[in-house]
Amino acid sequence: MKSNLNIYVTTYQGLEEVLLNELKQNKIGSNHEIRKRGVAFEGNMEDIYRANYVVRTALRVLINLVSFELNETSDLYDFGKKVEWDKWFFPQKSIAIDAIVRNENFKNSIYAAQLLKDAICDRFVESGSERPNVDLKFAGVRIHLLIAGDRCTVSLDSSGDSLHKRGYKTVSGIAPLSEVLASGIIQLTGWDGNSNLYDGMCGSGTLLTEAYLLSKNVPSGKYRPKILL
């Protein structure tokens, strides 16, 4: 089991403290640090699985593979190629890269994603393996790229899809409330799980459903397909 991994769990802005409390209550990871829209911590593969399965205010659980200073565009390719990708997934799996870019050297996120994709594929090919395919809709492996100023972080998305998709809804209203946001709102109120809860704006029942699952301590992942590596 891999240990001492740098893990980052994302959430909605304003729910960072709630997310931190959930992680600590479930004894997931150590050395927690609140950041914008998320919490960073150290942990192992067990922590990653449990964060995906039990934490109700988590959107994605990312494994930080490499973080570096970006002085020029070629640095992204060079550092991306150094990552031992074969230790994380087989080249037969399709990949997709979700890129967030705020850097003057990159005109758009598509170019940054393509550059990292080339680095990953070239790493596999040069080691004698086949070249992974790209599938933006149904990728077997999702990779997260964040470039903020001169800092670049490449992470592996262990969740595969947003964790707000619990899987218990068959139909939704026109503007459904995110399950993660609903759970976070309920936890912010300090509701004890026993007293009456009134939802004066009930649409598709997301708040009430999340409140019920919280009161019964049902893991959020119980209704999701298992999409971890």
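Being surrounded by 13 or more Cβ atoms within 10 Å (Cβ to Cβ) and within 30 Å of I95 (Cβ to Cβ) is the requirement here; does L208 meet it? So L208 does not fit the description; no.
Residue by residue through region 86-105, note down the ones that are charged (D, E, K, R) and surrounded by 16 or more Cβ atoms within 10 Å (Cβ to Cβ). Matches in region 86-105: D98 only.
Taking the conditions exactly as written (buried (at least 19 other Cβ atoms within 10 Å of the Cβ) and not hydroxyl-bearing (S, T, Y)), does K117 satisfy them or not? For K117, the condition - buried (at least 19 other Cβ atoms within 10 Å of the Cβ) and not hydroxyl-bearing (S, T, Y) - is met. Within region 68-99, if we keep just the residues that are aliphatic (A, V, I, L, M) and free of Cβ contacts under 8 Å to residues at least 60 places away in the same chain, the residue that is farthest from R123 (Cα to Cα) turns out to be A99. Among the residues of region 190-204, not a single one is of a type in the set (A, V, I, L, M, F, W, C), over 30 Å from F106 (Cα atoms) and in contact with a Cys (Cβ under 7 Å, 6 or more places away or on another chain). Of the numbered criteria (1) surrounded by 13 or more Cβ atoms within 10 Å (Cβ to Cβ); (2) farther than 30 Å from Y111 by Cβ; (3) β-branched (V, I, T), the one V154 fails is (2). Could you check, for region 29-50, whether at least one of its residues is in contact (Cβ under 8 Å) with a residue 60 or more places away in the chain, surrounded by 16 or more Cβ atoms within 10 Å (Cβ to Cβ), within 11 Å of the chain's Cα centre (by Cα) and closer than 23 Å to W88 by Cβ? Scanning region 29-50, I find at least one residue that is in contact (Cβ under 8 Å) with a residue 60 or more places away in the chain, surrounded by 16 or more Cβ atoms within 10 Å (Cβ to Cβ), within 11 Å of the chain's Cα centre (by Cα) and closer than 23 Å to W88 by Cβ, so the answer is yes. Whenever a residue of region 173-193 is in contact (Cβ under 8 Å) with a residue 24 or more places away in the chain and over 19 Å from N217 (Cα atoms), its partners that are in a loop (DSSP other than H, G, I, E, B) and of a type in the set (S, T, N, Q), lying with C-beta atoms within less than 8 angstrom and at least six residues away or across chains, give the pairs G173/S204; P176/S204; L177/S204. If the condition is being assigned to a helix (DSSP H, G or I) and at pLDDT 90 or above, then region 192-229 contributes T206, L207, L208, T209, E210, A211, Y212, L213, L214, S215. Number of residues in region 80-112 that are of a type in the set (A, V, I, L, M) and over 13 Å from R142 (Cα atoms) equals 5. If you check A148 against the conditions, is it surrounded by 14 or more Cβ atoms within 10 Å (Cβ to Cβ) and farther than 30 Å from L208 by Cβ? No: the conditions fail for A148.
Conditions tested, residue by residue: (1) closer than 30 Å to T73 by Cβ; (2) of a type in the set (A, V, I, L, M).
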position: I143; (1), (2): yes, yes
position: V180; (1), (2): no, yes
position: G193; (1), (2): no, no
position: Y212; (1), (2): no, no
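Residues that are crowded, with 19+ Cβ neighbours inside 10 Å and not aliphatic (A, V, I, L, M) within region 125-142 comprise P132, R142, listed in sequence order.
Scanning region 166-191 for residues that are surrounded by fewer than 16 Cβ atoms within 10 Å (Cβ to Cβ), assigned to a loop (DSSP other than H, G, I, E, B), modelled with pLDDT of 90 or more and not small (G, A, S) yields one hit, W191.
Return yes or no: is A119 assigned to a strand (DSSP E or B), among the small types (G, A, S) and over 24 Å from S220 (Cβ atoms)? Against the criterion (assigned to a strand (DSSP E or B), among the small types (G, A, S) and over 24 Å from S220 (Cβ atoms)), A119 does not qualify. Selection of strands (runs of 3 or more DSSP E) fully inside region 1-110 by the criterion of at least 3 residues being closer than 18 Å to L145 by Cα returns 5-10, 38-43, 60-69, 95-102.
The values are calculated or read from the model by the stated rules, or taken from the named source; none is laboratory data. Computed from a predicted model, the values in this text were never measured in an experiment. As a convention, Cβ positions derive from the backbone with ideal geometry for all residues, glycine included, and neighbour counts pool all protein chains shown.
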